[in-house]
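Working notes, structure below.
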Amino acid sequence: HRVLEWTSLEDASAASVQAMAAALAPSFGLDGDAGRRAGEAAWTALGLPVMGRARRAARVWRELPLYFPDGSDLIEGVIDLVFQEADGLVIVDYKTDRIAPEQAVAQAAHHAPQLQLYGRGLAQAWGMPVVERLVLFTSIGQAVRV
């Protein structure tokens with residue numbers, strides 16, 4: 001997750017992603033092999049079509065703090081990636097859970113309420129529609145629309 005947060009969307013290379021993953025691994029208690037796997041997962045995620053869309057987007061926000069009222073509650077969160085396309089905003093939530101590909105749709109559905117809530121908050125705050133919400137599973141290199 002942190003590798004995707006800190007890596008340039010525009011000019012990342014496999015080597016720079018691996019170097020960042022290796023540098024960050026000890027701070028998360030990961031050994032060299034786990035750091036290498038994290039770098040590979042991040043590099044795969046960066047190659048997904050949704051990340052290409054983010055690179056071409058008019059505006060991009062990463063790790064966007066979000067605070068908004070929802071009824072009598074104050075919702076607080078951080079959106080991993082938001083970008084603006086011609087018809088509205090796209091929200092992407094990174095998940096590093098180790099899942100099998102056949103679990104992706106069910107696991108994404110589990111996270112859907114969070115992304116729907118964030119979408120309501122963004123639409124309310126910015127007056128722009130949220131046209132797509134995606135859960136990006138780094139362990140399988142797949143983004144699922146919710």
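What follows is calculated from the coordinates using simple rules that are stated; it is not laboratory data. The shown structure was predicted, so the numbers you read here are calculated from the model rather than taken from an experiment. Heads up, the Cβs are rebuilt from the backbone with ideal geometry, glycines too, and the neighbour counts pull from every protein chain shown.
Assorted remarks:
- Helix 104-126 axis, angle to the chain major axis (alpha carbon atoms, nearest 10°): 50
- Between 0 and 90 degrees, the angle of helix 32-46 with respect to the longest Cα principal axis of the chain falls at about 40 degrees.
- Dipole size of the chain about its Cα centre, with +1 on Lys/Arg Cβ and -1 on Asp/Glu Cβ: approximately 240 debye, rounded to the nearest 20.
- Per-pair calculated FRET efficiency, R0 = 35 Å: Tyr67 and Leu30 via Cβ, rounded to 0.05: 0.65
- Take every pair of alpha-carbon atoms less than 8 Å apart whose residues are at least six positions apart; their mean separation over the length of the chain yields a relative contact order of 21 percent.
- The Ser13 and Ala58 beta-carbon pair, evaluated with R₀ = 25 Å, returns a calculated FRET efficiency of approximately 0.50.
- Magnitude of the charge dipole for region 1-42, about its Cα centre and with charges confined to Cβ atoms of Lys, Arg (+1) and Asp, Glu (-1), is about 120 debye.
- Order by protection proxy (mean Cβ within 10 Å, highest first), peptides 118-126, 77-85, 51-59: 77-85, 118-126, 51-59
- Charge dipole (the chain, unit charges on Cβ, about Cα centre) - positive-most of Met20, Gln124, Phe68: Met20
- Among beta bridges from DSSP that stay inside the chain, the antiparallel ones total about 75%.
- Between the residues Gln107, Met51, Tyr94, the greatest Cα displacement towards the positive end of the dipole of the chain, with unit charges on the Cβ of Lys, Arg, Asp and Glu, is found for Met51.
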